[in-house]
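The values are calculated or read from the model by the stated rules, or taken from the named source; none is laboratory data. The structure presented is a predicted model; accordingly, all values stated were derived computationally and were not measured. A quick note on method: Cβ atoms are made from the backbone with ideal geometry, for glycine too, and the neighbour counts reach across all protein chains shown. Heads up: the accessible areas ignore ligands, DNA and RNA and are worked out on the full protein's heavy atoms, side chains in. Shrake-Rupley method; radii C 1.70, N 1.55, O 1.52, S 1.80 Å.
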Amino acid sequence: MSTHARTVSVVGGGVIGLAIAWRAARDGWSVRLHDPSIGSGASWVAGGMLAPLSEGWPGEETALTVGAASLERWPTFGEELGKFGPSVFTADSSLTVALDAADAQDLQTIAEWVTAQGHELEVLGRARIRELEPMLGRGIRSGLMAVGESAVDNRLLLEALQKACAESGVELIARAVNDLAELDTDQIVLTAGIASPKLWPGLPVRPVKGEILRLRSRPGVTPAPSRTIRGSVHGRPAYLVPRGDGIVVGATQYESGEDTQVTMAGVRDLINDAEALMPAIGEYELYECAAGLRPMTPDNLPLIGRVSDRVVVSTGHGRNGVLLTPVTADATVALLNGTSLVEVKGTEPERFAVVKENS
């Protein structure tokens with residue numbers, strides 16, 4: 001058996017790739033991370049919600065299991081990252097609100113199903129919501145509180161992960177990989193988001209555009225909510241995520257190829273939906289409109305698994321990349337070390353007709 005350091009190339013430098021590179025280096029691997037623009041892409045425009053429980057739905061057991069396993073890892077993961085910069089956490093709970101009777105019924109369905117799976121959610125009435133978050137709209141009928149569903153600042157997270165990688169000896173290579181055959185390491189991890197199918201044809205990952213707004217607080221404005229606020233407005237999912245300096249408002253969802261331009265219609269819908277949740281939000285400064293491309297799979301679950309003797313894929317995290325970062329990093333390093341993580345069962349690429357090779 002060879003005694004040289006085990007080497008791995010991580011292809012893709014979003015939150016998932018950076019976290020895998022850091023954890024692999026910490027585990028004794030010699031790591032190179034390749035990305036022409038490290039810390040950009042979907043990770044740069046993420047909302048940063050960690051909300052697997054309140055997004056649960058009957059029949060989506062795998063999504064709940066994987067999401068809850070990652071949420072459980074976040075406190076320790078975030079604390080370890082605290083050595084490389086300020087705390088990445090911006091909220092420690094989430095409140096999902098219903099504006100009409102159908103939404104209120106959906107919240108009840110979620111609460112009953114998720115509680116039956118062994119997790120804790122609390123249904124709140126109008127008066128309790130007003131008490132907790134007085135700046136929310138008067139039209140809100142009921143809410144679902146999930147204590148422990150935190151939120152993180154995605155940009156602080158990217159900075160901390162890049163520092164963690166640099167200090168752990170990861171070699172950060174700011175250029176694109178056009179063919180995995182160029183790489184000479186023992187192992188390769190493909191975590192290139194929407195570019196993944198170009199490097200491993202057959203991976204069912206497609207771009208889904210999402211627009212978000214970043215709002216900055218101003219003197220005298222109504223304070224931001226103290227927790228993540230989520231709701232459905234005219235059938236569109238909307239969220240407000242607190243940040244140190246304001247609020248992130250998201251997020252639209254369009255199938256529009258690789259278009260990353262922000263549209264008037266998208267911004268209008270986000271502003272209208274945000275005002276339905278928090279009427280005084282119009283007082284805030286609108287300082288950024290951005291769009292990113294989420295790497296989505298047909299069943300909205302990521303692809304985490306081995307596709308050849310040398311290649312592991314960790315991609316297709318859709319709108320849950322930040323949430324699933326800790327569990328994906330652990331699962332991927334386990335695969336590199338020849339074992340597997342039971343919590344991510346059901347995310348294997350072979351559930352689709354993905355081409356596997358012996359190399």
- Residues in the stretch 324-339 that a label on residue 356 would reach, taking backbone N under 15 Å of a point 7 Å out along Cα→Cβ: 335-336, 338-339
- By how many degrees, 0 to 90 and rounded to 10, does the Cα axis of helix 15-26 deviate from the longest principal axis of the chain? 50 degrees
- In Å³ and rounded to a whole number, note down the convex hull volume per residue for the Cα atoms of the stretch 85-125. 96 Å³
- Could you order 44, 22 so the one with the most accessible surface comes first? Probe is 1.4 Å. 44, 22
- Item | Sequence of 234, 317, 119 from largest to smallest accessible area, 1.4 Å probe | 234, 119, 317
- Query: Around residue 10, which amide H atoms from residues at least 5 apart in sequence, or from another chain, sit under 5 Å from its own amide H, with H modelled in the peptide plane?
  - Reply: 32, 33, 34, 189
- Message: Probe radius 1.4 Å, ligands and nucleic acids ignored: give me the carbon and sulfur share of the accessible area of the chain as a rounded percent.
- Response: 51 percent
- Task: For the stretch 91-123 and the stretch 317-359, compute the distance between their C-alpha centroids and round to whole Å.
- Result: 28 Å
- Query: Using the heavy atoms of the protein chains alone and a 1.4 angstrom probe, what is the accessible area of the stretch 51-98 per residue in square angstrom?
  - Reply: 40 Å²
- In whole angstrom, the spacing between the Cα centers of the stretch 143-206 and the stretch 1-48 equals 6 Å
- Message: If the only charges are +1 at each Lys and Arg Cβ and -1 at each Asp and Glu Cβ, what is the size of the charge dipole of the stretch 133-276 around the Cα centre, to the nearest 20 debye?
- Response: 840 debye
- Task: Compute the acute angle (0 to 90°) between the alpha-carbon long axis of helix 154-167 and the principal axis of greatest extent of the alpha-carbon atoms of the chain; round to the nearest 10°.
- Result: 30 degrees
- Query: Residue by residue through the stretch 339-344, which ³J(HN,Hα) values in whole Hz follow from phi under the Karplus form 6.51 cos²θ - 1.76 cosθ + 1.60 (θ = phi - 60°), with glycine and proline marked x?
  - Reply: 10, 9, 10, 5, 4, 9
- Task: Pick out, from 54, 111, 229, the residue whose Cα sits farthest towards the positive end of the charge dipole of the chain, with +1 on the Cβ of Lys and Arg and -1 on the Cβ of Asp and Glu.
- Result: 229
- Note on the structure: For the stretch 60-65, Karplus-derived ³J(HN,Hα) couplings (6.51, -1.76, 1.60; θ = phi - 60°; whole Hz; x for glycine and proline) come out as 9, 4, 4, 4, 5, 4
- Task: State in Å² the accessible area per residue of the stretch 258-317; use a 1.4 Å probe, count heavy atoms of protein chains only, and round to the nearest integer.
- Result: 40 Å²
- List every residue whose amide H lies under 5 Å from the amide H of residue 308, counting only residues 5 or more places away in sequence or on a different chain, with H placed 1.01 Å from N in the peptide plane. 357
- Item | Heavy-atom SASA rank of 289, 165 (probe 1.4 Å, accessible area, largest first) | 289, 165
- Quick one: angle between helix 101-116 and the longest Cα principal axis of the chain, in degrees between 0 and 90, rounded to 10, please. 50 degrees
- Over the Cα atoms of the stretch 83-192 the radius of gyration and the largest Cα-Cα distance (Dmax), both in Å, equal 21.6, 62
- Query: Of all DSSP beta bridges in the chain, what percent run antiparallel (nearest 5)?
  - Reply: 70 percent
- Between rounded, prolate and oblate, where does the stretch 274-315 land on the alpha carbon gyration tensor, with a ≥ b ≥ c its root eigenvalues, rounded for a/c under 1.5, else prolate if a/b exceeds b/c? prolate
- Item | Cα-based shape type of the stretch 235-359, given that a ≥ b ≥ c are square roots of the gyration tensor eigenvalues and the cut on a/c is 1.5 | prolate
- Where does the stretch 23-125 land on the Kirkwood hydrodynamic radius, alpha-carbon pairs, in angstrom? 16.6 Å
- Task: Compute the Rg/Rh shape ratio of the chain: radius of gyration over Kirkwood radius, all on alpha-carbon atoms.
- Result: 0.97
- Task: Can you tell me the FRET efficiency between residue 180 and residue 287 if r is taken as the Cβ-Cβ distance and R0 is 41 Å, rounded to the nearest 0.05?
- Result: 0.55
- Taking the Cα centre of the chain as origin, sum charge times position over the Cβ atoms of Lys and Arg (+1) and Asp and Glu (-1), and report the length of that vector in debye to the nearest 20. 380 debye
- Query: Using a ≥ b ≥ c from the Cα gyration tensor of the stretch 183-306 (square roots of the eigenvalues), is it rounded, prolate or oblate, where a/c under 1.5 gives rounded and otherwise the larger of a/b and b/c decides, a/b for prolate?
  - Reply: prolate
